[in-house]
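Laboratory data are not the source of any read-out in this text; all were calculated from the coordinates shown. Here the structure is a predicted model, which means the values were calculated and not measured. Note that each Cβ is placed from the backbone with ideal geometry, even for glycine, and that neighbours are counted across all protein chains shown.
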Amino acid sequence: MIVKEEFLSKLRTYFSLNLYEVKIWTALLSRGVSTAGELSDIANVPRSRSYDVLESLEKKGFVVMKFGKPIKYLAIPPQDVVERVKKHMRSEAERKIKRLEDLKNTEVLNELKSLHTQGLELVEPTDLSGSLKGRHNLYNHLDLMIKNAEKSVTIMTTSQGLMRKIEGLKPTLEKVKKRGVKIRIAAPITKDTKSVINDIADVAEIRHTDGKARFCIIDGKELMFMVMDDNDVHPTYDVGIWVNTPFFASALENLFNQNWDDMKPAADVAKKL
């Protein structure tokens, strides 16, 4: 049996299998039913490993063992395997999520918090900074920053950035809004953004700006700013700089405040588009 390496690689990615598992599985699919020895020869897998591999595949729902002499293995239809794998992954994910949720009620988390607090006391202010690459990572960190906001969230972004933030960060913005956090967003209001402004109007105050800067300030202490124009960079290569420094963050927020009063409310600008 000859199976292309590229195909085996895809199977490993889709089904989270190792190389021996995908070789044995595809060999069994090509035969329908077979013994461990036969599959070992077909798949070019050491015979000493074939039994362990088949046992693993059985537990994962890829094969069925037929008792007899010799023991044979039956291939489960691929479409059924997909459903079994989905169910297993969902169950495994729920189990891990529950374990993490249970962690909140244990002393383990308190000890971790204590370690972190003690560690921060030893950290130089210049160490409380870093760079993030990739828009997915940027938004994950933005989400974390906003969740920890106590007083204010100040955002300046592009028209496309505004739509992305409404789509990806709205639930988090709603939660902090309920805690009394003040949320302000400055962005160019265009025909594209006109339709989404109402989706967040009761959560954040949005005003129009012609600027193209992209940054987020939390409580006048923590700052993330993006260093590239999002129209010119692929999301994978977008870069952001995170800085935890009240000196820089508050200075930038003061500049923002000076321009905020001159910005027109988004709703007024949208009416004229």
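Against the chain, whose longest principal axis comes from its Cα atoms, helix 5-15 is set at around 70 degrees.
In summary, the lysines within cross-link reach of residue 98, defined as a Cα separation below 17 angstrom excluding same-chain residues under 8 places away, comprise 87. Sparsely packed loop sites in region 175-273 (the trypsin sites (Lys or Arg not before Pro) outside DSSP H, G, I, E and B with at most 12 other Cβ atoms within 10 Å) comprise 179, 272. Against the chain, whose longest principal axis comes from its Cα atoms, helix 78-103 is set at around 50 degrees. The amide H of residue 222, built 1.01 Å from its N in the peptide plane, has no neighbour under 5 Å, considering only residues 5 or more places off or on other chains. In region 5-88, Cα pairs under 8 Å separated by at least six residues give a relative contact order of 26 percent. To the nearest ten degrees, helix 135-147 and the longest principal axis of the Cα atoms of the chain are 60 degrees apart.
Candidate cross-link partners of residue 60 among the aspartates and glutamates, defined by an alpha-carbon separation under 20 Å and a same-chain spacing of 8 or more, comprise 21, 52, 80, 83, 92, 94.
Here region 233-255 and region 190-222 have alpha carbon centers that stand 16 Å from each other. Hydrodynamic radius of region 127-271 by the Kirkwood approach over all distinct alpha-carbon pairs: 15.2 Å. The alpha-carbon of residue 178 sits under 19 angstrom from the alpha-carbons of these aspartates and glutamates, leaving out residues fewer than 8 places away in its chain: 143, 150, 167, 199, 202, 205, 219. The DSSP beta bridges internal to the chain are antiparallel in roughly 75% of cases.
Dipole check for the chain: with +1 at the C-beta of Lys and Arg, -1 at the C-beta of Asp and Glu, and the Cα centre as origin, the magnitude is about 1100 Debye.
Beta bridges per DSSP, both residues in region 127-271: antiparallel share near 70 percent.
Available extension along the chain between residue 261 and residue 56 is 67.3 nm, counting 0.36 nm per residue and deducting the alpha carbon span.
Could you tell me which of the pairs 113/177; 113/182; 96/175; 66/96; 4/59; 165/272 are separated by over 30 angstrom between their Cα atoms in the structure shown?
From the list (113/177; 113/182; 96/175; 66/96; 4/59; 165/272), the Cα-Cα distance tops 30 Å for 66/96.
Every helix of 4 or more DSSP H residues in the chain counts as -39500 (n - 2.57), and over all residues that averages to -17000 deg cm²/dmol at 222 nm.
For region 5-88, a crude dipole built from +1 on the beta carbon of Lys and Arg and -1 on the beta carbon of Asp and Glu, taken about the Cα centre, is about 220 debye to the nearest 20.
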